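One structure is given below, encoded as structure tokens.
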Amino acid sequence: MKKRRNIIPVVFLMLCSFFLVTFSVQALEKTTGRISSTIGIKLRSGPSTAYDRITGVPHNARVTILSYSDGEGCDDPWAEIIYEENGVSYRGYGCSTYIEDLETVEVDDVVPPTTDVSNSEMANMTDEEFEAYLDSQGFPESYKVKLRALHKIHPTWIFKGVKSKYTWSEALSEQNSSGTSLYNVNASAKEQGLEGYLSVEAGNYDYELDKFFAHDGLYWYQANSQTIAYYMDPRNFLTESYIFMFEDLLYNSDYQNADTVNKILSSDFMRQYTSYFMEASEKYNVSPMYLAALSRQEVGLSDTNIVTNGKAGVLSDGVDYTGYYNFFNIGASSSKDPKLKSLQTAKLYQWNTQQKAIVEGAYKITVNYVQCGQYTSYFQKFNLSPTATKGMWHQYTTNIIGLVSPSVTTYNSYNSMGIIDEAFSFSIPIFDGMPEKTTLPNLGNPNNWLKELKVNGISVTNFSGGTVNYTVTVPYSEEINISALAVNSKAKIVGTGDKILTGDSNSFSIVVTAQNGAVKTYNLTVKREEKKDDSDEVTVKIADVLSASGYSYDDYYLWNVTFSTNVDGLIEKLIKNYETVSVNVQDRQGRNKNEGTIVTGDKIIISTNSESKTLEVVIYGDNNGDGNVSAIDLLNVQKHILGYTTLLGSYARAADTNRDGNVSAIDLLNVQKHILGYSNISQK
């Protein structure tokens, strides 16, 4: 194991170079290590096991090594390290015994691309010279149209073309990962049809339940690929107000001052902290307008927000956060309680004054983003800069539209101050393989699945909304009726109703159009039996079907089903003697069940040419509906007997293992014996 025992100078403490103010490229030494312990290590506040645990650092995590110190509880020296997780940097001590593969590398200081054109020279360009300048920056024609218009209005603005280190498809694929690019769709947004902007891929949406899965808080869902493409496409934001998402975020004292910060903060509560935003700006060479607009976006302007007013009190984790502040919501992403996470970060870094929260928070944003090649708001969401020192996963926000509002706020502030034609410089990304254009998806719910499909009132056997091709056989008739029900009530169905049969086999299409226009077509082949004389018509009774199956039943329940019986096996036993019997299996939530094991609570829907009946499955001993008899079932019986809970319906019947009409100590004993292998619970 290789170890460096020397103390690394302070200038090397940062993950990215600190000295952007010099506007030069200088090689810096950075020492990194890998956590070798398979169970990770504890990051502590000092070089000893006696110090408090700050956080855990997992196996294989990469860390930055700052120095080594002697201490107790570690056979080797303690390493002072920086560990990053979800955009938050943790600094502390770890036992160097478990930090190996140390490597010292040189990294270049990150500086935004420059041009040889000043703002005054830009303003004095002829049309031909401006066209030549756009060509020199590599802008495609689809960019030039909008940049020409902006140049006419604001001739002093400088537009720099920045070739992304990734192709368009590479960038889009990365941003399409679940939880990476989120869109807020609450009840109000749902009514506006914004569900059409969300991803319906696995892990993000369930068609059968018509349910999107939140990745952050209650209403933050993964955006779909088309939505991501629209907001990632720079061409859609080359307007007067939106272009400020591409503004270079370095400090320019010529026009960035306390007055413009006051305009952005706009409320008396936030304006009292203007001097702190200016202090951070001057100290870390970052635009105060950017810091103010970002804070406004993250925490708002009101004095009622507990992350900025210092009045949090004791929160759900039992900790008192009174007097802690986080003006940039650092550490609050990807959580169901972002304010709690924000304040936990504030307490971790001891941001117990507004000044420390703003100045030190700005430092973290600067060192972790601006100075790592993410020197525009756009690059902080989409880390695609050619000088980026971190991967595409490194982003300040998961909010796919998080760039829009701060850009407008910044523009309005500059405009109201009369400085909109100052020396602004914009770094605008360009990609290989870009589409001709990008647009937002159609509004509306995307669900185009059917919940049920019936022929002559009888459910199609083993119907599932994800399967589109079916074949059914019906008794001879001149016509049939096809009916269907969509999962989402806003979807439209075409192709149902009375249908004429001509010949032995007929094909029908049932087309479902979601509210957002997405179309799904179900193909139904209907075969009809040969025509029979009336005297040949046989009426099939469900009682006969059940009797022939060997299962036991009454008006509500079906039992004598052995453990591990699967769906296909049960259906086969029910229909083996009858050609015109249809059986559909559903789980306890009413969802179609086409495979897997039959369990207590499953619903069996049996349809014949004369009637239909629904029975619930009872597997004695399985009172929790998982198909097995386990300690959970034993506990359920105990709670029922003691009156802590009440088993109902098929679950109560499954608990009554001796069939005496009561759930008692005898049933508890039967379950115990079954679990221990002394005897098996009979299903007959």
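Brief remarks follow.
- Candidate set from region 286-296 (those that are assigned to a helix (DSSP H, G or I) and of a type in the set (G, A, S)); member that is surrounded by the fewest Cβ atoms within 10 Å (Cβ to Cβ): A293
- Only listed residue being among the small types (G, A, S) and touching a helix residue (DSSP H, G or I) at 6+ places or on another chain (Cβ under 9 Å), chosen from A548, A484: A548
- Selection status of R528, open to solvent by less than 80 Å² (accessible area, probe 1.4 Å), of a type in the set (D, E, K, R) and farther than 30 Å from E478 by Cα: no
- Residue within region 481-502 that is open to solvent by less than 60 Å² (accessible area, probe 1.4 Å), of a type in the set (K, R) and either more than 27 Å from T227 (Cα to Cα) or in contact with a Lys or Arg (Cβ under 9 Å, 6 or more places away or on another chain) (or both) present: yes
- Set T308, T353: member being crowded, with 18+ Cβ neighbours inside 10 Å, out of contact with any Leu (no Cβ under 8 Å at 6 or more places or on another chain) and β-branched (V, I, T): T308
- Any chance P446 is in a loop (DSSP other than H, G, I, E, B) and either touching a residue at least 24 places away in the same chain (Cβ under 8 Å) or closer than 30 Å to N204 by Cβ (or both): yes
- Single match in K283, K263 (criterion: assigned to a helix (DSSP H, G or I) and under 18 Å from Y375 (Cα atoms)): K283
- Filter result (open to solvent by less than 30 Å² (accessible area, probe 1.4 Å) and either assigned to a helix (DSSP H, G or I) or within 22 Å of S612 (Cα to Cα) (or both)) within region 555-570: L558, V561, V567, G569, L570
- Pairs are defined by a Cβ separation below 7 Å, a sequence spacing of at least 6 or placement on different chains, a first member in region 404-425 that is charged (D, E, K, R), and a second member that is open to solvent by less than 40 Å² (accessible area, probe 1.4 Å); the pairs so defined are D421/H154; D421/T156; E422/Y255.
- Residue within region 512-521 that is more than 20 Å from S464 (Cα to Cα), assigned to a strand (DSSP E or B) and open to solvent by 50 Å² or more (accessible area, probe 1.4 Å) present: no
- Hits in region 133-148 - residues which are assigned to a helix (DSSP H, G or I), without any contact (Cβ under 8 Å) to a residue 40 or more places away in the chain and not aromatic (F, W, Y): L134, D135, S136, E141, K144, V145, R148
- Scanning region 328-343 for residues that are touching a residue at least 12 places away in the same chain (Cβ under 8 Å), assigned to a helix (DSSP H, G or I) and open to solvent by 60 Å² or more (accessible area, probe 1.4 Å) turns up just one, K339.
- Here I500, I510, I575 are screened, and the one residue that is of a type outside the set (S, T, Y) and under 41 Å from the mean Cα position of the chain (by Cα) is I510.
- For region 437-451, a residue qualifies if it is closer than 21 Å to E208 by Cβ and surrounded by fewer than 16 Cβ atoms within 10 Å (Cβ to Cβ), but none of them does.
- For region 317-327, the count of residues that are assigned to a helix (DSSP H, G or I), acidic (D, E) and at pLDDT 90 or above is zero.
- The set of residues in region 486-540 that are on the phi > 0 side of the Ramachandran plot and either at pLDDT 90 or above or in contact with a Ser or Thr (Cβ under 7 Å, 6 or more places away or on another chain) (or both) comprises G495, G497, G517.
- Region 179-192 residues that are closer than 12 Å to Y219 by Cα, paired with ones that are surrounded by fewer than 17 Cβ atoms within 10 Å (Cβ to Cβ) and of a type in the set (A, V, I, L, M, F, W, C) (beta carbon under 8 Å, 6 or more apart): N186/L218
- Selection of region 380-414 for residues being in a helix (DSSP H, G or I) and either aliphatic (A, V, I, L, M) or over 20 Å from the mean Cα position of the chain (by Cα) (or both) yields V404, S405, P406, S407, V408, T409, T410, Y411, N412, S413, Y414.
- Scoring Y378 on the criteria (1) open to solvent by 30 Å² or more (accessible area, probe 1.4 Å); (2) modelled with pLDDT of 90 or more; (3) within 30 Å of Y219 (Cβ to Cβ) leaves a single failure, condition (1).
- You will find that of T398, T387, the residue that is surrounded by fewer than 24 Cβ atoms within 10 Å (Cβ to Cβ), touching a His at 6+ places or on another chain (Cβ under 8 Å) and closer than 30 Å to Y166 by Cβ is T398 and no other.
The values are calculated or read from the model by the stated rules, or taken from the named source; none is laboratory data. Keep in mind that what you see is a predicted model, and the values were worked out from it rather than measured. Neighbour counts run over all protein chains shown; Cβ positions are idealised from the backbone, glycine included. Accessible surface is based on the protein model in full, side chains and every heavy atom, while ligands, DNA and RNA are left aside. Shrake-Rupley method; radii C 1.70, N 1.55, O 1.52, S 1.80 Å.
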